[in-house]
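*Asks:* First the structure, then my questions, so here it is.
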2 protein chains.
Amino acid sequence: MDSAKTPEIGFDIPAAIGMRVEEIQTPALIIDLDAFERNVARMKQFSETMGVSLRAHAKTHKSADIALYQMAEGGAVGICCQKVSEAEALIRGGLTDVLIANEVTDPKKIDRLARLAKFARISVCVDDASVVAALSAAAVRHGVRLDILVEIDCGARRCGTAPGVPAAELGRIVSAAENLELAGIQAYHGGAQHIYDPAKRRVEIDRVVALVRDTVDHFEQAGLQCRSVTGAGTGTYNLEAMSGLYTEIQPGSYIFMDADYARVGATDGNGTIGGFEHALFVLTSVMSKPASGRAVCDAGLKTHSIDSGLPFVFDRDGVTYVDASDEHGNLDDPDDVLALNDRLRLVPGHCDPTCNLHDCFVGVRDGVVETLWPVTARGKVY
Amino acid sequence: MDSAKTPEIGFDIPAAIGMRVEEIQTPALIIDLDAFERNVARMKQFSETMGVSLRAHAKTHKSADIALYQMAEGGAVGICCQKVSEAEALIRGGLTDVLIANEVTDPKKIDRLARLAKFARISVCVDDASVVAALSAAAVRHGVRLDILVEIDCGARRCGTAPGVPAAELGRIVSAAENLELAGIQAYHGGAQHIYDPAKRRVEIDRVVALVRDTVDHFEQAGLQCRSVTGAGTGTYNLEAMSGLYTEIQPGSYIFMDADYARVGATDGNGTIGGFEHALFVLTSVMSKPASGRAVCDAGLKTHSIDSGLPFVFDRDGVTYVDASDEHGNLDDPDDVLALNDRLRLVPGHCDPTCNLHDCFVGVRDGVVETLWPVTARGKVY
């Protein structure tokens, strides 16, 4: 590469601090900072009122800046994430209490995990007795202690040991292992977060709570410590919090609210989940108006994830995002209200994998770019 | 951040050169270098035999290393990409002939595009007369020439002006504009690439070719230059090449072959498209074996894109990837052949958005990591 070219060619991110919103190069992932701050404050108040700890899930945003804000201003006692590489990136970014709400089983990853405990308080889940010895050996080798949660499968049919006796038996094995501390139970039902019918959602979480209660009972009968019962996401956090059994909740999406959670919330009495507002948008531009009735925008599959449905167009009636290809979004524009270079805000279908597509969040207030927050752990899946 | 921590915490990519495959931290995006090189050679031979230019589509891989390899060893006359930021990154990486096979309409983007023409030969598509003046003004301002292709909508109902008279009229406007060079016609039918039935695919491309022929005729009648007729992807490249009308083809996925193109190829006579082999895999590990009949691996929505269907498990009978969540893949394992930390290779459903999730390609030969190629333009969507 001719290094003389470098300063003249391109930017590395689509915006700069102080820029007006109209100048942002699209597509870009923008945060409405006012709405974001209100969401953070709202969950802080909820957790304080309910007397449950808030462990904010950083898998949503993967940003050290946002996680530190949740710790400083949002009432979070710590964060969770899903992968060792994610924890590495966030701890390098300044976080000091990280739960990997997932299993870590590869020997090299276990070693990396134990090494992290020199720099931060580390908790991790187990669902298999064969891993306990490896975790213990790594903790001894690095001279650290690891907090261990026994993960139970409470209905999601993903990871997790069976609740009740098998979970308590695994707890006993953890409890006996050197340099491991049995912290309690991880019971998270991912699928339940996205049940649109509130009655069915409640029935499912009632079932979860019964399984957790049975497991706590078995822990107690076995004389095992269980200071933490942790789980719950943005779709059901209030139900677990009201159970009297969960000590900690793990919501992530509440800070942003995506289109799928809007559908979940739409069936609740007040038309939203807990009053949380849409704060995350894909800013996109119309790049083609090839025919009457339709238009094409510059945000496609590489800009937002469609695994939980298409985005919707925010605050602009009569225009619908109807199809995504790699680099384009097709818009229905029956009244031909759109013109070339018009800008739209899309509420992404699913915020977590959408954030993971971008290098930074462009934070906007009063029409001006105020913050640029790197997606610190973007791509850290290993 | 405590900079003293940095060297001890984590890696930034999941592999290192010289590492054995078993040591790669999963999930990781790996290339079978032998298969990849055979694919590159196969398309080179095809384009030479057919006498069409090969403009390799870099939107698939977004890697300067791979694009330079396609130029040096693969018979490519240049590359295409889809966004200005992608072109910026690839030109910084050493590419010198780049077609943005897409419309660029934002004034700031047009300025960035014209600036790029100081460092590389730049072509771009137009489908709206109102943009031509802005492109011309930017080219004049930067003292450069831009090659312009009139994009026609040949059936995909995305961008593109109507074929025939409207396209020729747009060509005339381009032709008259200062510092713009009318290069010809862009006619790419994205949807046709993925039609599984080969007879229907052929009918669709026959229709495309008729529209292109009509447009070329109108260009000739208007005395407009049309040295380039460009388009075609991996699903139909042979049909456009055989048309006698296309001068250039733009396949991208042929280097990797994903699961959806395997389905397209399955209906062809020889069970594959043009003999191309699967060369791109997500390497994943079993991280939970919670119950008989199923297992969980560590590759989910942040590791591969499911917009064109789920990945399939390569070279391992009896195991099926049945569901993806953010960080996990659920596997059917009816015979319980999988054990914790077993490794699998997944062929992703759609290679383009999958590559865009990763920071690097881990190139593997004979069980050893031989190359680490950054995904140079990852996240460059603006």
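*Asks:* Quick check: anything in segment A:13-31 farther than 30 Å from B:ARG115 by Cα and charged (D, E, K, R)?
*Replies:* No, because not a single residue in segment A:13-31 is farther than 30 Å from B:ARG115 by Cα and charged (D, E, K, R).
*Asks:* Let me ask something else. If a residue must be over 14 Å from the mean Cα position of the chain (by Cα) and within 10 Å of another protein chain (Cβ to nearest Cβ), how many such residues does segment A:339-378 contain?
*Replies:* 7
*Asks:* Among the residues of segment B:163-188, what is the count of those that are in a strand (DSSP E or B) and among the small types (Gly, Ala, Ser)?
*Replies:* Total satisfying the criteria: 2.
*Asks:* Looking at the structure I just gave you, is B:LEU357 touching a Leu at 6+ places or on another chain (Cβ under 9 Å) and assigned to a strand (DSSP E or B)?
*Replies:* It is false that B:LEU357 is touching a Leu at 6+ places or on another chain (Cβ under 9 Å) and assigned to a strand (DSSP E or B).
*Asks:* At least 3 residues that are surrounded by fewer than 21 Cβ atoms within 10 Å (Cβ to Cβ) and outside the structural domain of B:CYS351 (by TED's automatic domain parsing) in each: list the helices (runs of 4 or more DSSP H) lying fully within segment B:61-162 that qualify.
*Replies:* The helices (runs of 4 or more DSSP H) meeting that bar are B:64-73, B:107-116, B:129-142.
*Asks:* Hey, A:THR267 hits all of (1) within 14 Å of chain B (Cβ to nearest Cβ); (2) more than 30 Å from A:ALA183 (Cα to Cα) but one; which does it fall short on?
*Replies:* Among (1) within 14 Å of chain B (Cβ to nearest Cβ); (2) more than 30 Å from A:ALA183 (Cα to Cα), A:THR267 violates only (1).
*Asks:* Suppose the filter is within 14 Å of chain A (Cβ to nearest Cβ) and over 23 Å from the mean Cα position of the chain (by Cα); does B:ASP332 pass it?
*Replies:* Considered against the rule, which asks whether it is within 14 Å of chain A (Cβ to nearest Cβ) and over 23 Å from the mean Cα position of the chain (by Cα), B:ASP332 comes out as yes.
*Asks:* If you go through segment A:292-314 one residue at a time, do you hit one that is within 25 Å of B:SER85 (Cβ to Cβ) and more than 14 Å from every other protein chain (Cβ to nearest Cβ)?
*Replies:* Within segment A:292-314, one or more residues are within 25 Å of B:SER85 (Cβ to Cβ) and more than 14 Å from every other protein chain (Cβ to nearest Cβ).
*Asks:* How many residues are small (Gly, Ala, Ser) and within 20 Å of A:VAL144 (Cα to Cα) when one looks only at segment A:170-194?
*Replies:* Summing the residues that are small (Gly, Ala, Ser) and within 20 Å of A:VAL144 (Cα to Cα) in segment A:170-194 gives 6.
*Asks:* Collect the residues in segment B:236-247 that are surrounded by fewer than 24 Cβ atoms within 10 Å (Cβ to Cβ) and either in contact with a Gly (Cβ under 9 Å, 6 or more places away or on another chain) or not assigned by TED's automatic domain parsing to the domain that holds B:LYS59 (or both), keeping them in residue-number order.
*Replies:* Those that are surrounded by fewer than 24 Cβ atoms within 10 Å (Cβ to Cβ) and either in contact with a Gly (Cβ under 9 Å, 6 or more places away or on another chain) or not assigned by TED's automatic domain parsing to the domain that holds B:LYS59 (or both): B:ASN238, B:ALA241, B:THR247.
So that you can scan it fast, the table gives a plain yes or no per residue for (1) at the interface with another protein chain (Cβ under 10 Å from one of its Cβ atoms); (2) under 21 Å from the mean Cα position of the chain (by Cα):
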position: A:THR60; (1), (2): yes, yes
position: A:GLY93; (1), (2): yes, yes
position: A:ILE110; (1), (2): no, no
position: A:PHE119; (1), (2): yes, no
position: A:ASP147; (1), (2): no, no
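*Asks:* Filter segment A:204-218 down to residues that are more than 23 Å from A:VAL174 (Cβ to Cβ) and of a type in the set (D, E, K, R) and give me whichever is surrounded by the fewest Cβ atoms within 10 Å (Cβ to Cβ).
*Replies:* A:ASP206
*Asks:* Moving on. If I ask for residues that are under 23 Å from the mean Cα position of the chain (by Cα) and closer than 16 Å to A:GLY184 by Cα, which ones from segment A:213-244 would you list?
*Replies:* Hits for segment A:213-244 are A:SER228, A:VAL229, A:THR230, A:GLY231, A:ALA232, A:GLU240.
*Asks:* Hey, any hits in segment B:153-165 for a residue that's touching a Cys at 6+ places or on another chain (Cβ under 7 Å) and closer than 24 Å to B:ALA89 by Cα?
*Replies:* Among the residues of segment B:153-165, not one is touching a Cys at 6+ places or on another chain (Cβ under 7 Å) and closer than 24 Å to B:ALA89 by Cα, which makes the answer no.
*Asks:* Restricting to segment B:95-108, name every residue that is out of contact with any Leu (no Cβ under 6 Å at 6 or more places or on another chain), within 10 Å of another protein chain (Cβ to nearest Cβ) and without any contact (Cβ under 8 Å) to a residue 60 or more places away in the chain.
*Replies:* Residues satisfying the conditions are B:ASN102, B:GLU103, B:ASP106, B:PRO107, B:LYS108.
*Asks:* Scan segment B:155-170 residue by residue and report those that are at positive phi and not small (Gly, Ala, Ser).
*Replies:* B:ARG157
*Asks:* Which of the residues that make up segment A:20-60 are among the hydroxyl-bearing types (Ser, Thr, Tyr) and open to solvent by 50 Å² or more (accessible area, probe 1.4 Å)?
*Replies:* Listed by number, the list holds a single entry, A:THR49.
*Asks:* Applying the selection to segment B:219-235, what residues are part of a helix (DSSP H, G or I) and buried (at least 20 other Cβ atoms within 10 Å of the Cβ)?
*Replies:* Across segment B:219-235, the qualifying residue is only B:PHE219.
*Asks:* If you scan segment B:186-203, which residues turn out to be under 22 Å from B:GLY164 (Cα atoms) and open to solvent by 40 Å² or more (accessible area, probe 1.4 Å)?
*Replies:* B:TYR188, B:GLY191, B:ARG202, B:VAL203, listed by residue number.
*Asks:* Touching a strand residue (DSSP E or B) at 6+ places or on another chain (Cβ under 8 Å), under 22 Å from A:ILE17 (Cβ atoms) and in contact (Cβ under 8 Å) with a residue 12 or more places away in the chain: which single residue out of A:THR354, A:THR376, A:THR284 fits that description?
*Replies:* A:THR284
*Asks:* Hey, another quick one. Looking only at segment A:168-227, how many residues end up being aliphatic (A, V, I, L, M) and either touching a residue at least 60 places away in the same chain (Cβ under 8 Å) or not assigned by TED's automatic domain parsing to the domain that holds A:ARG157 (or both)?
*Replies:* Qualifying residue count, segment A:168-227: 3.
The values are calculated or read from the model by the stated rules, or taken from the named source; none is laboratory data. Everything numeric here is computed off the predicted structure, so don't read it as measured data. Reconstructed Cβ throughout: ideal geometry from the backbone, glycine too, with neighbour counts over all protein chains shown. Surface accessibility is based on the protein's heavy atoms, side chains included, excluding ligands, DNA and RNA. Shrake-Rupley method; radii C 1.70, N 1.55, O 1.52, S 1.80 Å.
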